[in-house]
Amino acid sequence: MPKNKIIFACQVCGYQAPKWLGKCPDCGGWNTLVEERLSTTKIRGADIQKGKPIPILEIQSNEEDRILTHIGELDRVLGGGIVPGSVILIGGDPGIGKSTLLLQTLEGIRDNGKLLYVSGEESPNQIKLRGMRIGIRSNNLVILSETSLDSILETVDEIKPKVFVIDSIQTVFTSELPSAPGSIGQVRESAGRLMFYAKKTGIPIFLVGHVTKDGSIAGPRVLEHIVDTVLYFEGEKGHAFRILRAVKNRFGSTNEIGIFEMKDSGLSEVKNPSEIFLAERPFKVTGSVVVSSMEGTRPILVELQALVSSTNFGVPRRTTIGVDYNRVSLLLAILEKRVGMHLMGQDVFVNVVGGIKIDEPAVDLGIVTAVASSFREIPVDPKTFVFGEVGLAGEIRAINQVEARIKEGAKLGFKRVIIPINNAKKMSRVKDIEVIGVASVDETLEILFR
Ligand code: TYD
Ligand code: MG
């Protein structure tokens, strides 16, 4: 009997077949069969130690063992640095800057010990060129151009790096499966073995994963379940800003984002995002308002813009960039019904400046304000910013982390802020900024446009 038998298993119902089939005979799903290795060697014994229950209070936690990349934005998204033995997947569109980010990450790690960058996509020469662009000076950084997982792990065994990167997981293959690199079976098998390796040796691994057109990391999401941390690197085409978002993190919060700017000399951290997002704000223009959005533990002020213009054709258009389309439709209906604003004959466009996406109810009040400002053709006072959730009755609902948001505004020179009444009631006075609590959309518009 061969040591490694290959089978095809349905990912939906678990049906197994010796050959690939387009349709699962059991559950009827199309294209659900994936190649898997059926290990017939005994895994009992030497490899696996019998687990012993330990009282939780006696387990030694080692929070201080985290390896810092000294890239503040990345360390924060990771939850305070890299946890030894963890596997971190970085996904994103081609050309977004994943390879650049990881090269800079390795450069940032100042621990003694080798750092290994394995590339299956680029030659050492190409990596060197990029390295020169971003000013790599580390003596510890070694490059390996290799795609065979077995050879990669052999090299890793030899040089025992502190951290290593595989760029990308889709180029890696294991000879135990006959299928081509990049197939689901290969990606999953390789990631599984790397995960096992990381846990066994305590060496943290970064994996680069390409995103397929439907937005999932290729190897349809299989990787997300296996690895410890999944980070997405995203950005709008034509903008220099890049956002690193944690989608899953076993060792930290998934609310944190890191903001970077792609420059000629690589990625640079954006430590004061509000200032940058507000830098080009036009003054005394209708349809523009500043809102506060919490991104993890950090408040960010961004400019929201709306343009309302009369419809030329029957059905009015609604277009949104950076905010949820359905949310905007709902808020427009509230303006129509509760405030009596006739938007049925109007096209409405809403845009978040800077190419970032916000999905927090606190921006509701900003959307409503921007649309009303454009519709009534009255600009919002540029020293005022707003935030609050809007309910279907047109009421303004309380939100969280109000003080942090207001302080960020005060720091940037705002003189007035409009917030939900229930938040305002519980607030103590804040220096340098006037806080106004509002109960309804009507009241907000009355204060802003009277
Ligand atoms: P890259 O890291 O190769 O992206 P990925 O690995 O996600 O495919 O980044 C490629 C893009 O970044 C490329 O379009 C050029 C740009 N870039 C800069 O603008 N400045 C730089 O210093 C570097 C290294 C890249
Ligand atoms: Mg790359």
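The values are calculated or read from the model by the stated rules, or taken from the named source; none is laboratory data. Everything quoted here is computed from the prediction, not taken from an experiment. Because the Cβ atoms are built from the backbone with ideal geometry, glycine has one as well, and the counts that use them run over all protein chains shown. Accessible surface is based on the protein model in full, side chains and every heavy atom, while ligands, DNA and RNA are left aside. Shrake-Rupley method; radii C 1.70, N 1.55, O 1.52, S 1.80 Å.
Per-structure values
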item: FRET efficiency, D381 to W20 (Cβ-Cβ, R0 60 Å, nearest 0.05); result: 0.40
item: Region 330-344 residues near the modelled T311 label - backbone nitrogen below 13 Å, point 7 Å along Cα→Cβ; result: 333, 342-344
item: Degrees, to the nearest 10: 98-108 long Cα axis against longest axis of the chain; result: 80 degrees
item: Relative packing of peptides 426-438, 109-121, 286-298, 90-102 - highest average C-beta neighbours within 10 Å first; result: 286-298, 90-102, 109-121, 426-438
item: Label-point separation, M132 to D65 (7 Å along Cα→Cβ), nm; result: 4.0 nm
item: Fraction of accessible area attributable to carbon and sulfur, region 13-154 (%, probe 1.4 Å); result: 51 percent
item: Angle between the chain longest axis and helix 402-411 axis [Cα atoms, degrees, rounded to 10]; result: 80 degrees
item: Listed residues D324, D150 arranged by accessible area, highest first, probe 1.4 Å; result: D324, D150
item: Inter-label distance, nm, simple model (7 Å from Cα along the C-beta direction), K411/I54; result: 3.9 nm
item: For peptides 331-339, 7-15, 228-236, sequence by mean Cβ density within 10 Å, most packed first; result: 228-236, 331-339, 7-15
item: Enclosed volume per residue, in Å³, of the convex hull spanned by Cα atoms of the chain; result: 209 Å³
item: Other-chain or far-sequence residues with amide H under 5 Å of V438's (modelled H); result: I419, I421
item: Backbone N under 15 Å from the K357 label point (7 Å along Cα→Cβ), restricted to region 86-130; result: 91-94
item: Ranked order, W20, W30 - accessible area, probe 1.4 Å, largest first; result: W30, W20
item: Accessible surface, per residue, of region 126-239 when the full set of protein chains is kept, probe 1.4 Å, Å²; result: 45 Å²
item: Inter-label distance for A240 and T201, nm, one decimal - labels placed 7 Å from Cα along Cα-to-Cβ; result: 3.9 nm
item: Per-residue ³J(HN,Hα) for region 54-59, Karplus 6.51 cos²θ - 1.76 cosθ + 1.60, θ = phi - 60°, Hz, x for Gly and Pro; result: 10, x, 4, 5, 8, 6
item: For the chain, share of DSSP beta bridges that run antiparallel, in % to the nearest 5; result: 55 percent
